[in-house]
Amino acid sequence: MVTKETLVDLYLLGVSAVLPENLVRNTVSIFGPFVKVGRFRFRGGVHVLGSGKASVRMANEVMSILRDRVLGGVVIGVKGGAKGKGSRIDFRYGTHPLPSRENVEATEKLVEYLRSLGPDDRFIYLLSGGTSALLERPIPPITLEDLIATTDLLLKSGMDIRKINAVRKHISSVKGGRLATLTRAIGYVLVLSDVVGDDLSSIGSGPFYPDPTTYGDVYRILKSYGVWEKLPRSVREVITKGLEGDVPETLKEMPRRIRHILIGNNRTALLAIRDGARNLGIRSRIITDTLQGEAREVARVLYAMARHVALYREPFSPPVLLVFGGETTVTVRGKGKGGRNQELVLAFLKEMEEGLRIIFLSAGTDGIDGPTDVAGAAVSDADRERVKRERIDVNRFLEENDSYSFHRLMGTHIRTGPTGTNVADVVLVYVEGKK
């Protein structure tokens, strides 16, 4: 019998498939006198730098593989996550999703190290989700306080990650390829993607990758979302100077000395979930790894699809597990607490009708949903019946963006703690059919 616990186990299977250690092990090795990174190989040692939620675990694995070939480095991880091993790498820890003084100070150390490398040096840069907050060096006169206020405003605006990162890149001296301009060394950027579609210019705000967006694009985005007038004055000043050409644009052409290697993404996790389900005798179908949109709207579409399968047995006959990956957004208007996954599950539950057996799960592969201590949530038709029986007002929780309180009340949270990886979200819809 398939239960919510079954879906949680499959989600965890997907997470395990994208653990940094496994992905790095598939990419980095020693081949005789050579260090091998993807399809590239070279003699001698290498410097190790990095940033993101998975960067520390990635660095630990690089250290265990290359040992004394690692010459040093700086890696910025997240507080509360994995701890760095060994003394060759200077491990620093910052905050997420909002930047802090620790993030800026750690970035300064990383920049200093990168600048110290010469044209004959080589480095591996370990890039994963969370970098946009952890790697931060605002363009003057933007202060840390102004940066925090801006980040908070962007995260609550309803923008998708590409638009948010377009803005971040244009107010930072290390994003949008600008980190690449600070070094003469040869670099190999190992990328663990948390962005739908694996856009290398958006993952971690693309510190080494050319940026297709401009200050003009950023201004139009901010105006269209009604955010421009709410920004701190210093942020508007930098963007305005960028429009006038007084602040240089982000990187527009890839330096030949920098190579990017995608080592894992959302689809990697989805394939593991599909195969795991089949091993349990559960028919499964991957529908898409590019799920996007406002969480409440996505919930309506997903329920309509599940309902159609349950009632009309097309395009798949139930029982069947529908597997999705991607990342939704939430426009925050209430004063409650939650994250995009918890709100997606709550909105889906609101749509559920009597007489259909459906289980729904949505969770972040990083184990952290928004500014909360949970990964996401899972509900079934039994939870819908309880809501009706106990007359729980779902609309009130939605109006206040208080999905966290709802799932805490219902006991429907998924708790993993920080997983040490990040490839966006997993959404599972198990359609058993009519009761």
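The values are calculated or read from the model by the stated rules, or taken from the named source; none is laboratory data. Because the structure is predicted, anything quoted here is derived from the model rather than measured. In this analysis, Cβ positions are derived from the backbone assuming ideal geometry, glycine residues included, and neighbour counts consider all displayed protein chains.
Just to be sure, is Gly245 under 30 Å from Val323 (Cβ atoms), without any contact (Cβ under 8 Å) to a residue 40 or more places away in the chain, among the small types (Gly, Ala, Ser) and surrounded by fewer than 18 Cβ atoms within 10 Å (Cβ to Cβ)? Taking the combined requirement at face value, the residue does not satisfy it. Among residues that are crowded, with 18+ Cβ neighbours inside 10 Å, assigned to a strand (DSSP E or B) and not assigned by TED's automatic domain parsing to the domain that holds Gly370, Leu200 is not included.
Give me the strands (runs of 3 or more DSSP E) completely within the range 1-107, filtered to those with at least 3 residues that are in contact (Cβ under 8 Å) with a residue 60 or more places away in the chain, ordered by residue number. Steps first, answer last, please.
Numbers: elements: 28-31, 34-37, 40-43, 46-51, 70-78, 89-94.
In the range 1-107, 46-51 are the strands (runs of 3 or more DSSP E) which contain 3 or more residues that are in contact (Cβ under 8 Å) with a residue 60 or more places away in the chain.
Looking only at residues of the range 398-435 that are modelled with pLDDT of 95 or more and hydroxyl-bearing (Ser, Thr, Tyr), we find that the one that is farthest from Thr365 (Cα to Cα) is Ser405.
Scanning the range 165-189 for residues that are touching a Ser or Thr at 6+ places or on another chain (Cβ under 6 Å) and under 25 Å from Leu291 (Cβ atoms) turns up Asn165, Ala166, Arg168, Lys169.
Which of the residues belonging to the range 178-193 are of a type in the set (D, E, K, R) and farther than 17 Å from Arg115 by Cβ?
Step one: list which residues in the range 178-193 are of a type in the set (D, E, K, R), which gives 178, 184.
Listed by number, the list is empty, since nothing qualifies.
Residues in the range 227-282 that are out of contact with any Phe, Trp or Tyr (no Cβ under 6 Å at 6 or more places or on another chain) and of a type in the set (Gly, Ala, Ser) were compared, and the one that is farthest from Pro207 (Cα to Cα) is Gly281. Only residues that are modelled with pLDDT of 95 or more, within 18 Å of Ala149 (Cα to Cα) and out of contact with any Leu (no Cβ under 7 Å at 6 or more places or on another chain) were counted across the range 96-107, and they come to 2. Applying the criterion of being part of a loop (DSSP other than H, G, I, E, B) and charged (D, E, K, R) to the residues of the range 254-281, the residue that is surrounded by the most Cβ atoms within 10 Å (Cβ to Cβ) is Arg257. For the range 305-331, which residues satisfy the criterion of being under 22 Å from Ser403 (Cβ atoms) and hydroxyl-bearing (Ser, Thr, Tyr)? Of everything in the range 305-331, those that are under 22 Å from Ser403 (Cβ atoms) and hydroxyl-bearing (Ser, Thr, Tyr) turn out to be Thr328, Thr329, Thr331.
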